[in-house]
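J.: Encoded as structure tokens, here's the structure I'll be asking about.
The values are calculated or read from the model by the stated rules, or taken from the named source; none is laboratory data. This is a predicted model, so every value here is computed, not measured. Virtual Cβ from ideal backbone geometry, glycine too; neighbours counted across all protein chains shown. Just so you know, the surface numbers come from the protein's heavy atoms only, side chains and all, with ligands and any DNA or RNA stripped out. Shrake-Rupley method; radii C 1.70, N 1.55, O 1.52, S 1.80 Å.
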Amino acid sequence: MKLKKNIKIILGLLIIIIGIFSIFIFIPKENKEVKSNQKTNKSNKDPFLIECKKIDYCKEEDKERYQKYQEKNKDLSLEEVITYVNLNLDYSFYTQTKETPALNKDYILVNKYLYLGSNYIPENLESIPIEYSRSGMKLVATANKKFVEMASQAKKDGFPIIAMSSYRSYDYQVNLYNRYAAADGVEAADTYSARAGFSEHQTGLCVDIYDGKIPYTSFEESNSFNWMKDNAYKYGFILRFPKGKENITGYQYESWHYRYVGEEIASYIQKNNITFDEYYVRFIEPKL
Ligand SMILES: [Zn+2]
């Protein structure tokens, strides 16, 4: 009898313990579900977020920045607002900076928010053949191959292009920028020269060109410029700092500065008349 009574007590205790455990296991889960449902319902009903989330690269957590920027720039579409805020254009240039990801990729972005470390030297740098370049100029192999193809076709067509600046090391850029800043002041220098680490030339994927006759700063006036306008994208090159896009790129229009991004990206940019910065936040950053 006593044994049976003990077994009953033990069984009873077991049932109570199992009961308590199930409460701990199941209840919080239910609560979690309720909470996440509440959150989804909240964003489902927010008219701003409903519109925002129709755009692939909308970041829900940046809702307030989007709204603030939209308030200040009423002429912009929602797509532009999201693009510009994702680029950090709601902050001043050279603030909110971070090291750029996608090192050694054709689609790497370097601008006034995304920089390269002082030790960064791109892989596979090669010399540009002297036929199409001043001496000592280098580009990353993939970009160099396409540059040579492009320059050789341009030459055949009668519109020569010569590289006069391409890969520049971090230290070279330090000296260059400091010289400009000393001559013109920091504010003016910032509109046409990059601070060290923030120069696209350090990627080894861009090139400043001229036609071999008139100075590179007047490249726009050459026939070679018109040839580049129609053909550069076919070789994966884009005009990186176009006219009228200074507020996005942070640089004055540069008719001589071309960036290699690959044929697919270059074609899209040519067709849609957007900057590489915009392309990057719309199509590249979300996949990184
Ligand atoms: Zn340049």
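J.: Against the longest principal axis of the chain, how steep is helix 2-45, in degrees 0 to 90 to the nearest 10, with axes from Cα atoms?
T.: Helix 2-45 sits at roughly 30 degrees to that axis.
J.: Among Phe283, Tyr115, Gly262, whose Cα lies farthest out toward the positive end of the dipole of the chain, if unit charges sit on the beta carbon of Lys, Arg (+1) and Asp, Glu (-1)?
T.: Selected residue: Phe283.
J.: Would you calculate, for the chain, the mean residue ellipticity at 222 nm contributed by helices, counting each DSSP H stretch of 4 or more residues as -39,500 (n - 2.57) and dividing by all residues, to the nearest 500? Write down the numbers at each step before the final one.
T.: Working: 11 runs with 135 residues, N = 288.
Dividing the helical sum by the residues of the chain leaves -14500 deg cm²/dmol.
J.: Say the cut-off is 23 Å between C-alpha atoms; which of Lys234/Lys287; Lys105/Lys146; Lys54/Lys229; Lys105/Lys243; Lys145/Lys243 go over it? Before the final figure, lay out each step's value.
T.: Values: Lys234/Lys287 25 Å; Lys105/Lys146 15 Å; Lys54/Lys229 34 Å; Lys105/Lys243 26 Å; Lys145/Lys243 28 Å.
From the list (Lys234/Lys287; Lys105/Lys146; Lys54/Lys229; Lys105/Lys243; Lys145/Lys243), the Cα-Cα distance tops 23 Å for Lys234/Lys287; Lys54/Lys229; Lys105/Lys243; Lys145/Lys243.
J.: Follow-up question, since we're still on this one. With the other protein chains left in place, how much accessible area per residue, in square angstrom, belongs to the chain at a 1.4 angstrom probe?
T.: Numbers: 16710 Å² over 288 residues.
It amounts to 58 Å² per residue over the chain.
J.: Taking a ≥ b ≥ c as the square roots of the eigenvalues of the Cα gyration tensor of region 179-288, is the shape rounded (a/c under 1.5), prolate (a/b larger than b/c) or oblate? Intermediate results must be reported in sequence, preceding the final value.
T.: On the way: a/c = 1.91, a/b = 1.15, b/c = 1.66.
It is oblate, given that a/c is not under 1.5 and a/b is not larger than b/c.
J.: Still on this structure, please answer the following. Sequence-distant or interchain residues sharing an amide H contact under 5 Å with Lys138, placed H: which?
T.: When sequence neighbours closer than 5 places are left aside, the close amide H contacts are Ile128, Ser166, Tyr167.
J.: Give, rounded to the nearest 20 debye, the magnitude of the charge dipole that the chain has about its Cα centre when Lys and Arg contribute +1 at Cβ and Asp and Glu contribute -1 at Cβ.
T.: Details: 40 positive and 38 negative charges, 418 e Å.
Magnitude of the dipole: close to 2000 debye.
J.: While we're looking at this one, here's another question. Excluding same-chain residues fewer than 8 positions from Lys59, which aspartates and glutamates have a Cα within less than 18 Å of its Cα?
T.: Counting by Cα, and skipping residues close in sequence, Lys59 has these aspartates and glutamates nearby: Asp46, Glu51, Glu71, Glu79, Glu80, Asp90, Asp277, Glu278, Glu285.
J.: Now a separate question. For the pair Thr95/Glu71, report the inter-label distance in nm, with labels modelled 7 Å from Cα in the Cβ direction.
T.: 1.6
J.: Put a dot 7 Å past each Cα toward the Cβ at Glu263 and Asn124; how far apart are the dots in nm?
T.: Computed distance between label sites Asn124 and Glu263 equals 1.6 nm.
J.: What is the mean projected area of the alpha carbon convex hull for region 44-139, to one decimal in square nanometres? Spell out each step's value before the answer.
T.: Values: hull surface 37.1 nm².
One quarter of the hull surface, i.e. the mean projection, equals 9.3 nm².
J.: Name all residues of region 111-139 having a backbone nitrogen under 14 Å from the label point set 7 Å from the Cα of Asp171 along its Cα→Cβ direction, giving them as ranges.
T.: 118-121
J.: Could you tell me which residue out of Gln153, Cys58, Asn247 lies farthest along the dipole of the chain toward its positive end? Charges go on the beta carbon: Lys and Arg +1, Asp and Glu -1, centred on the Cα centre.
T.: So the residue we want is Cys58.
J.: Taking a ≥ b ≥ c as the square roots of the Cα gyration tensor eigenvalues, with a/c under 1.5 meaning rounded and otherwise prolate when a/b beats b/c, else oblate, which class fits region 170-214?
T.: Working: a/c = 2.23, a/b = 1.30, b/c = 1.71.
Note, shape of region 170-214 comes out oblate.
J.: Across the Cα atoms of region 98-242, what radius of gyration and what greatest pairwise Cα-Cα distance (Dmax) are found, in Å?
T.: 15.2, 43
J.: Taking the chain as a whole, which cysteines find no other cysteine Cβ under 4.7 angstrom from their Cβ?
T.: So, Cys206.
J.: Continuing with the same structure: Treating the Cα atoms of the chain as identical point scatterers in vacuum, please give the log10 of the normalised Debye intensity I(q)/I(0) at q = 0.07, 0.09 Å⁻¹, two decimals.
T.: Debye intensities relative to I(0), on a log10 scale: -0.38, -0.54.
J.: Would you work out what percent of the accessible area of the chain, with all protein chains in place, is carbon or sulfur (probe 1.4 Å)? List each step's numbers first, then the result.
T.: Values: 8960 of 16710 Å².
Whole-percent figure for carbon plus sulfur exposure: 54.
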